[in-house]
Amino acid sequence: MALCVARFYEDLADRLEAGARARFAEAGVTDVDRYDVPGAFELPLAARFAAESGRYDGVACLGAVIRGETDHYEWVCQEAARGIQDVQLRSGIPCAFGVLTVDNREQALARAGGDKRDSGRHAAEAVLALAGLRRQLQVP
């Protein structure tokens, strides 16, 4: 499996990665490669590179976008989500959207392995489920 990790908020990226790696390990997946990118906007291209390499059954895209005072937040969130979805639909390789899109840091912390949920873990679960379905249906 591959992890594409937006490093703009490094502490959040580390927490999301830990959650994803823990879930992969629980499933017996120990061969997980990480590819870092500066921010969430760059995740779709990193996911495309990983998917097209032929080396991975799935890609978990991880990162965080925290709302600011401008509409930049909207553009980054929309394009990251659209781009990651496009990669998986075009390549047939599962690409999970483990990107926090939140209003503030407290919300991000709660969703990066905090008290609400672990979005890194959930992204890994999505990749595992879809990769399993792909194998079950014998999709090339």
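Restricting to Cα pairs below 8 Å that are 6+ residues apart, what does the relative contact order work out to for the range 1-43? Please round to a whole percent. Numbers along the way, then the final one.
Working: 44 pairs, mean separation 27.5, N = 43.
Computed over the range 1-43, the figure is 64 percent.
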Q) With no solvent and one point per C-alpha, what does the Debye sum give as log10 I(q)/I(0) for the range 36-114 at q = 0.24 Å⁻¹? A) -1.06
**Q.** Around PRO38: net Lys/Arg minus Asp/Glu count, Cβ-Cβ under 15 Å
**A.** -2
Q: Between TYR73 and VAL139, with labels modelled 7 Å along Cα→Cβ, what's the label distance in nm to one decimal, could you check?
A: 3.3 nm
Q) Per 5 Å bin, what is the whole-percent P(r) computed from every C-alpha pair distance within the chain? A) 2, 12, 22, 25, 20, 12, 6, 2, 1, 0
Q) Using a Gaussian network for the chain with springs between C-alpha atoms less than 10 Å apart, which of these wobbles most: ILE84, ILE66, ILE93? A) ILE66
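Among bridges DSSP assigns within the chain, what percent are antiparallel (round to 5)?
5 percent
Suppose a student asked you for the relative contact order of the chain, using Cα pairs under 8 Å spaced at least 6 residues apart; what percent would you report?
Numbers: 268 pairs, mean separation 42.5, N = 140.
RCO, the chain: 30 percent.
Read the figures in this text as sums done on the coordinates, not as results from a lab. Every value quoted in this text rests on a predicted model; they were computed, and no experiment measured them. Quick reminder, even Gly has a Cβ in these numbers, built from the backbone with ideal geometry, and neighbours come from all protein chains shown.
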